[in-house]
Amino acid sequence: MNRAELADFLRRGRARLEPSDVGLAAGARRRTPGLRREEVASLAGMSVDYYTRLEQSRGPRPSRQMLTALARALRLTEDERDHLFHLVGEEPPRREGASPHVRPGLLLVLDRLYDSPAQVVTDWGTVLAQNALAKALVGDVSSRPARERNLTRRFFLDPTARALFPPEDLPAHARDHVANLRAVTAARPDDPEPTALVTELRAHSEEFARLWENHEVSLRRPATKRFLHPVVGLLELDCEVLLSHEAHHHLIIHTARPGTDSHDRLRLLRVVGLQDMTPQGAVG
């Protein structure tokens with residue numbers, strides 16, 4: 001681990017970003033250009049002390065999950081992300097299959113969607129990044145360990161994920177999850193991650209195993225979805241799915257039609273923001 005080079009790379013990456021580049025308000029005038037250390041730490045989901053020690057060449061070796069979070073927080077390109085891994089003495093993530101790295105341009109779009117819940121999800125259902133309103137709607141998922149960020153896995157193995165929906169909508173969500181995963185595994189039979197997920201779910205969820213045998217196939221498409229939020233109540237939202245084919249990523253955006261109760265409740269959710277009462281599941 002080259003601590004001196006890592007510290008310099010992090011400092012330079014932080015200095016080239018402005019708050020508006022990552023969806024933050026500028027606030028009071030800054031004495032130096034770039035983001036503050038506490039802002040990078042917050043974006044990466046780590047403590048300020050931990051990040052400060054990395055910039056001062058005295059931090060411990062970051063985990064692979066932490067390196068991925070830092071690359072996302074600093075809006076690094078894939079080449080820059082790989083360099084970050086090399087500085088720590090780690091092999092960069094492989095690039096075949098669905099990449100865990102979200103392109104800076106896509107993150108910029110995500111940050112600009114301040115009035116609509118939006119998140120970047122792999123084609124097989126793993127949440128990679130969320131904006132603040134998505135976290136308020138479905139919980140902060142992108143900061144969890146990778147295993148716990150997959151929407152399909154959570155839907156079938158974590159009962160709290162189902163609390164986000166009206167009970168009568170659950171069968172349709174279950175079929176959609178299975179049909180999408182079936183399509184992805186057929187398109188990329190050599191990708192080990194979605195294949196391993198299928199094996200796990202068939203072993204631990206009778207519902208998934210039964211639906212898998214139906215052999216239904218359907219990719220994620222625009223739809224209308226209903227959410228049960230514990231504070232603002234029922235929201236009926238239009239779900240748009242924008243594709244990034246190169247990395248197998250989806251930008252999922254939820255909007256409410258003006259003049260509806262859901263539109264008013266979504267505006268209220270922006271005021272409520274992220275509080276302990278937000279749901280702890282996730283949805284795509």
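The values are calculated or read from the model by the stated rules, or taken from the named source; none is laboratory data. What you see is a predicted model, and the numbers here were worked out from it, not measured in a lab. Note: ideal-geometry Cβ built from the backbone for every residue, glycine included; neighbour counts use all protein chains shown. Accessible surface is based on the protein model in full, side chains and every heavy atom, while ligands, DNA and RNA are left aside. Shrake-Rupley method; radii C 1.70, N 1.55, O 1.52, S 1.80 Å.
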Structure-derived Kirkwood radius over Cα pairs in Å: which label, when the choices are (i) 23.6; (ii) 21.4; (iii) 19.9: (iii)
- prompt: Using a 1.4 Å probe on the protein chains only, how many percent of the accessible area of the range 89-234 belongs to carbon and sulfur?
  reply: 53 percent
message: Contact order normalised by length for the range 1-126, with contacts defined as Cα pairs under 8 Å and 6 or more residues apart; what percent is it?
response: 27 percent
task: Please give the residues of the range 173-187, grouped as numeric ranges, whose backbone N is less than 16 Å from a label point set 7 Å along the Cα-to-Cβ vector of Leu243.
output: 180-187
query: Within the range 1-104, which chymotrypsin sites (Phe, Trp or Tyr not before Pro) sit in a loop by DSSP and count at most 11 neighbouring Cβ atoms inside 10 Å?
result: none
- request: State whether the range 121-185 is rounded, prolate or oblate according to the following rule on the C-alpha gyration tensor (a ≥ b ≥ c being the square roots of its eigenvalues): a/c under 1.5 gives rounded; otherwise a/b larger than b/c gives prolate, and the remaining case gives oblate.
  value: oblate
field: Heavy-atom accessible area per residue - the chain, 1.4 Å, Å²
entry: 49 Å²
- line: So for the range 143-284, using the alpha carbon gyration tensor with a ≥ b ≥ c as root eigenvalues (a/c under 1.5 gives rounded; past that, a/b versus b/c decides prolate or oblate), I'd call it prolate
field: the chain, relative contact order [Cα under 8 Å, separation at least 6], %
entry: 18 percent
- request: Let me know the shape class of the range 60-174, please: from the alpha-carbon gyration tensor, a ≥ b ≥ c as square roots of the eigenvalues, rounded when a/c is under 1.5, otherwise prolate if a/b is greater than b/c, or oblate.
  value: prolate
